[in-house]
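The structure under discussion appears below in the form of structure tokens.
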Amino acid sequence: MSTRITVDPITRIEGHLRIDVEINDEGKVSKSWSSGQMWRGIENILIGRDPKEAWTYTQRFCGVCTTIHAITSVRAVEDALNLEVPLNAHLVRNIIQAAHALQDHIVHFYHLSAVDWVDVVSALDADPVATSKLAESLSGWSLNGPHEMKAVQERLKTFVSSGQLGPFASGYWGHPAMKLPPEVNLMAVAHYLQALDVQQYANKIVAILGGKTPHIQNVAVGGISNSISHDAPSVLNIERLMLIEGFIDKLDHFVKTAYMTDVPAIGAFYLDWTGYGKGITNYLSVPDCPTDTKLLNFELPGGYIKNGDLSTFKSIDDWSNEYFRKGVAESSKHAWYEGDEALHPYKGTTNPQYTDFQDDGQYSWIKAPTFYNERAEVGPLADVHVGLASGHKGYTEYTNQAVDVIKAVSKNPAIPLSALQSTIGRHAARAIRAGVMVDNLRSQWQALMDNVATGDEDTFNAPEFPKGEISGVGIHQAPRGTLSHWIVIEDAKIKNYQAVVPSTWNAGARDANDQIGPYEASLMGNPIADPEKPLEVLRTVHSFDPCIACSIHLVDTEQKEIVKVKAL
Ligand code: NFE
Ligand code: MG
């Protein structure tokens, strides 16, 4: 007899995600469904509008990755127009994207998913001095001292004794799948609180350049609306740029000495989780961070890898790459839209067709993207694979560093690359990517300083729209993975708009050939110790950093309930 569990909603994510799993007699997941439970249809709202204003709408896809749907949208229109954009505009956009990615990755690990692995209540039993010793043996993070650890534990005690656990309420404390010693738990709680402070500096960078955050105001088709001048007081000047550099220093210190150490150190206690959550091992990543106006050079590599095998790597070198542009399609066969066939995004449609949750029929608002008819995982795990296969220096160095920490803490000398292809490996990959992104943030800041020093203050080239039909794609490697906005323009008005978003790739329903998607595949075989507290489902799904608002663009209130689970 199999047991069915419905977790709805999965929390500590953006948006409404429902996960259903069937558990077999061995207590393992044998069937799974990922279902997006909301839809807004922003693509349809865009039809007939001015392409120059699309970014203000698309940015509202999401309240988490706000900046990126603005920048990717203007990139799509610029691609359709073949419009060259000034270097300063690319650099400012690159800085915003890198800062945003860091904020996103830090918050995802510490605030949205660490409590799947860290038992906050157990931290009360830790010895603060031993905790400090342990933390200092791992890295040079400046807030690992014994007084800090003692203060955090006191704060936690007050919190717990007040009976008001706040963000830590209803966690699965004491669950048999929680394995960290009290000292590691206390270290993680300390860094959780410190991360709340540090992440603000990434947001400040976005706000300084973008006017505000969330939802930046400074992009335009053709460039950016920031005025740049060395010394004028009310524009982007040297004083503002030096302020940003100070924030980069703070982010660099935290990412390299806390985040990049904590994840492999915690992972070392959960090596069993390198055996679960593998999922779809086709990995797609696109090049990003253009460093010239002709769009020939990119700091972050792109490519496609099949079956987790680096030797199959096929490079995607730039945004004009036909291999990428031709390979993407989306099917709605199992999603609540009309049409079964996988369509290229220029031809994509978004016509709702709601049914109930049908196990073998339609069950989600999230379409199923494919790359040459294959399902692919996107996101940090794909980025790390593509980074390694392409010989990217940062990805290689930081992956080796993470593996060294795991080996040292676990005293296990054999950690193969395939260990990354797992639930816990996805977290390690995100921490590795954070290291790459903090270096990227600094390099783009330096490039902007150097370019402004030459006297170049250009930020905008005005677009002109031809009569007739044109089309273009905006490409970005977002925090959760490959993002592309596809626009068809006719007589200067939007004729079609499709966003194929990272969480659509990963959370998508079964496809036109009934193949399951990455979330669904990653849940197969996961052990479920207690069906009433399916912590393991949360662990695996959270490892992708789901964002449902992005991926679907109503809430179904009439689902059948089998087991209702309140997740933290
Ligand atoms: Ni709403 Fe997003 C990212 C995009 S979703 S967070 O990263 O695009 O996948
Ligand atoms: Mg359908």
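The values are calculated or read from the model by the stated rules, or taken from the named source; none is laboratory data. Keep in mind that this is a model prediction, so the values were computed, not measured. Neighbour counts are summed over all protein chains in view; Cβ atoms, including those assigned to glycine, are modelled from backbone coordinates with ideal geometry.
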Completion exercise
Being farther than 19 Å from Arg75 by Cβ and touching a strand residue (DSSP E or B) at 6+ places or on another chain (Cβ under 9 Å) narrows Val452, Val438 down to just Val452
Completion exercise
Looking across the range 34-65 at residues that are within 16 Å of ligand 2 (Cβ to nearest atom) and under 21 Å from the mean Cα position of the chain (by Cα), the single one that is surrounded by the most Cβ atoms within 10 Å (Cβ to Cβ) is Ser34
Exercise for the section: Determine which member of the set Glu464, Glu457 is in contact with a helix residue (DSSP H, G or I) (Cβ under 8 Å, 6 or more places away or on another chain) and within 19 Å of Ala54 (Cβ to Cβ). Expected result: Glu464
Problem - Residues being among the small types (Gly, Ala, Ser), surrounded by fewer than 18 Cβ atoms within 10 Å (Cβ to Cβ) and within 25 Å of the chain's Cα centre (by Cα) - total across the range 411-442 - result: 1
Completion exercise
Across the range 438-457, the tally of residues that are under 23 Å from Ser320 (Cβ atoms) and of a type outside the set (S, T, N, Q) stands at 1
Practice task
Specify the residue that is farthest from Ile528 (Cα to Cα); the eligible residues are those in the range 273-322 that are of a type in the set (Gly, Ala, Ser) and assigned to a strand (DSSP E or B).
Solution key: Ser315
Exercise for the section: Determine which member of the set Gly481, Gly517, Gly474 is in contact with a strand residue (DSSP E or B) (Cβ under 9 Å, 6 or more places away or on another chain), at pLDDT 95 or above and more than 22 Å from Val219 (Cβ to Cβ). Expected result: Gly517
Exercise for the section: Name the one entry in Ser551, Ser503 that is modelled with pLDDT under 95 and in a helix (DSSP H, G or I). Expected result: Ser551
Practice task
Say whether the condition of being away from ligand 2 (no atom under 16 Å from the Cβ), over 16 Å from Trp33 (Cβ atoms) and out of contact with any Asp or Glu (no Cβ under 7 Å at 6 or more places or on another chain) is met by at least one residue in the range 540-549.
Solution key: yes
Completion exercise
Pairing a residue in the range 142-153 that is in a helix (DSSP H, G or I) with any residue that is of a type in the set (Ser, Thr, Tyr), where Cβ atoms lie under 6 Å and the two sit 6 or more apart in sequence or on different chains, gives Pro146/Ser132; Met149/Thr131; Met149/Ser132
Handout entry: Matching residues in the range 490-506 - criterion: being near ligand 1 (Cβ under 9 Å from one of its atoms) and charged (D, E, K, R)
Key = none
Practice task
Find all pairs meeting these conditions: Cβ atoms under 8 angstrom apart; at least six residues apart or on different chains; first residue within the range 352-366 and part of a loop (DSSP other than H, G, I, E, B); second residue of a type in the set (Asp, Glu) and surrounded by fewer than 12 Cβ atoms within 10 Å (Cβ to Cβ).
Solution key: Gln353/Glu338; Asp356/Glu558
Exercise for the section: Could you tell me whether any residue of the range 56-63 is modelled with pLDDT of 95 or more and not in a helix (DSSP H, G or I)? Expected result: no
Practice task
Please verify whether the range 66-84 includes one or more residues that are surrounded by fewer than 24 Cβ atoms within 10 Å (Cβ to Cβ) and under 15 Å from the mean Cα position of the chain (by Cα).
Solution key: yes
Problem - Count - residues of the range 12-31 that are part of a loop (DSSP other than H, G, I, E, B), touching a strand residue (DSSP E or B) at 6+ places or on another chain (Cβ under 9 Å) and at pLDDT below 90 - result: 3
